[in-house]
1. For Leu344, what residues show an amide H to amide H distance below 5 Å, using hydrogens built from the backbone and excluding near sequence neighbours?
2. Provide the packing ranking of 439-447, 462-470, 601-609, i.e. peptides ordered by the mean count of other C-beta atoms within 10 Å per residue, highest first.
3. Between Ala247 and Leu195, take the C-beta separation as r, use R0 = 51 Å, and let me know the FRET efficiency to the nearest 0.05.
4. Rank these by accessible area, largest first, 1.4 Å probe: Arg239, Arg43.
5. Can you tell me the length gained on complete extension of the stretch Tyr67 to Met259, counting 0.36 nm per residue apart and subtracting the Cα distance?
6. Which chymotrypsin sites (Phe, Trp or Tyr not before Pro) does the range 223-259 hold that lie in a coil by DSSP with at most 12 other beta carbons within 10 Å?
7. Pop the C-beta distance of Asp185 and Gln540 into the FRET formula with R0 = 56 Å and round what comes out to the nearest 0.05.
8. Convert each backbone phi in the range 601-614 into a coupling constant with the Karplus relation 6.51 cos²θ - 1.76 cosθ + 1.60 (shift: θ = phi - 60°), then list the ³J(HN,Hα) values in order as whole Hz, x for Gly and Pro.
Amino acid sequence: MCWPSLVGGGFAVLATVVCYGSADPAPGRVSLAARGSWRRLRRGFRTGLALTSVSVVPVLIGFAVIYSFSAVGGLWSFSSIELYCEMLMVSAAMAAVVGLALAAHNWLDAPPTRAGQAGPGWSVIQDRRSSLVGALVAGTVIAATGLLGWTAGTLSGSLISGALTDWPGWPGDPDLSLLAEYHWDLMLGHFGHRLPLVLGLAVLLPATVFALLVLLTRAWPRFVLVRLLLAVRGRLPWRLMSFLADARERELLRQSGGMYQFRHIRLQETLAAQWGAGPAVAGPPAGPAGRPVGRRLVLTAGAASSVAAVTAFTGPWPKDMSRTALAGHESAVLAVAFQPGGQLLASAGADGTVRLWGNRANSILQRWPVSGTGFVAAPVLAFRPDGRGLAIATGYGAVELWDVKGRRRLKSLTIAKSAFIRTLAFHPGGRILAVLDSQGGIYLWAGDSYQQIQYVVGESVRSVAFNPSDGTLAAVNSAGGVQLYTVSPLRKGAAFAALPSEKSSTPGLNGAVAFSRHGGLLAAVSGNGLVRWWDTGTAQETLASRLRWDGPLAFSPADPTVALAGAGGAVRLWRTDAHDGFITLTGHTGRVNAMAFDATGRLLATASDDRTVRVWNVPT
């Protein structure tokens, strides 16, 4: 369905509701008098608040609940809670905006003065002027405040959500300027950052629709529409006001203030009988002051039902459990690594930067260009075991070795230009660097100058890791099978042992592999998300619990704990010596792409699509 049809159909529905839902209006006039202004402003603002509360709030909250059913993490995930808060605050902001618009409209509208001296023609002219001016002013208020109100609503909702959940995701703390810039940019992004579209669809279109809807609540537009409809059907003359004025001059009608009345009751009865009109039938009594009590009850019941439906899904509020949130990357963070024995943490993002974090360091170590489409091969990081060197895979076929202390590049390594780097891994001795490319090629670089000494082509290899105990290289393929390569002594065609593969796995997905602290246990994630465990001494699969998880994993160097991460942003810690369930850490609002323990095993760092690096205390 095209946008014009959607907008036209929506306006038709709203116009019908406004025409049949609002009371019959009396004629008015434009008034700029200060007397009675506060009463008119208050009445208009109260009407706007009420209308928005019973019409907009249920729609926005209902949308939030329906959307949350399909969100990762369910109804009470971080993203769902943020959406609830944003929709509530947007509803409040829109209620204030509509209230201001109707307050301005009501302030300009006043009943005709000296009704006994005003003729019907003058009443029509006054109400026409009042209707057009009031609708124009109301539409102008919507144009001036609507977009700002919506953005303020999403911003305040995001702040409230962050305060309730201890600031998960980006930016990790209540930074008002960053959040305001983000929400404004997000709003402009919906229109492709094109100013004509923003002005047309987000400013002029809502203002025009609102002005027309306000116009339909006035007496003059309804009078014009009914007069035209009856004239087309031949029930009224086309020049109705001239006809009525002529009838008054011929003494068939008489003027009573701003109305015409029949001068003779018998003439009225005769014309009524000629057109077949029966006796008047009394309708049901209205509520106090003629208010439509039934309609208000229905609208109130609908709003109450919507609120009840939302509160029915009450549950525990998730909290940000991280120790520290590091925000600095401008897009997804794809890699993270702790400096062995040091105080630094390195992270790499799709924004083309590698950042070093520490007690005094929050610097950009390296930046590489991102292509025009915004895509960059996923960066990969690995610290040398002595902590003095950092290997960075910066793009297609390129690896750079950096001196961490001196912040200088030591060497650049080049592999096939047509492949990007999947994994970097240092041998426990630090003199061998394994590089895995996207085509399954495993390169070994050795010596102080890191010269290429070996090249092996694996079968659908997705990740590699060195055994911290004996330096064996493990390579996991997409089916979950693991090949063990002996790299010492260094020679081509090194011996390897094959561990059984999972034949039912789904090929083509990313896997992960990691050794326990002493190298006796190996964990690998197959293509279908199945986590498999092996005893490296017997090459037999072990551990009764075979988990399914789609994401990276990491072993703690201090105790038998493995960290697993998935698409929903949750991080789970599982002890391999006690199969008593997970410890779940919450705080990320996007997929976790990488994780790493520090040398003590007491801290865990994670990198996420939500543009943050989070550091967690690991429970003991």
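The values are calculated or read from the model by the stated rules, or taken from the named source; none is laboratory data. Keep in mind the model is a prediction, meaning the values are calculated, not measured. Every residue, glycine among them, receives a Cβ derived from its backbone with ideal geometry; neighbour counts consider all protein chains shown. With ligands, DNA and RNA removed, areas are computed over all heavy atoms of the protein, side chains included. Shrake-Rupley method; radii C 1.70, N 1.55, O 1.52, S 1.80 Å.
1. Gln339
2. 601-609, 462-470, 439-447
3. Step by step, r from the Cβ atoms, then E = 0.35.
4. Arg239, Arg43
5. 63.7 nm
6. Trp238
7. Result of the calculation: an efficiency of 0.55.
8. Karplus-based 3J(HN,Hα) across the range 601-614 equals x, 8, 10, 10, 10, 9, 10, 9, 5, 7, 6, 10, 10, 10 Hz.
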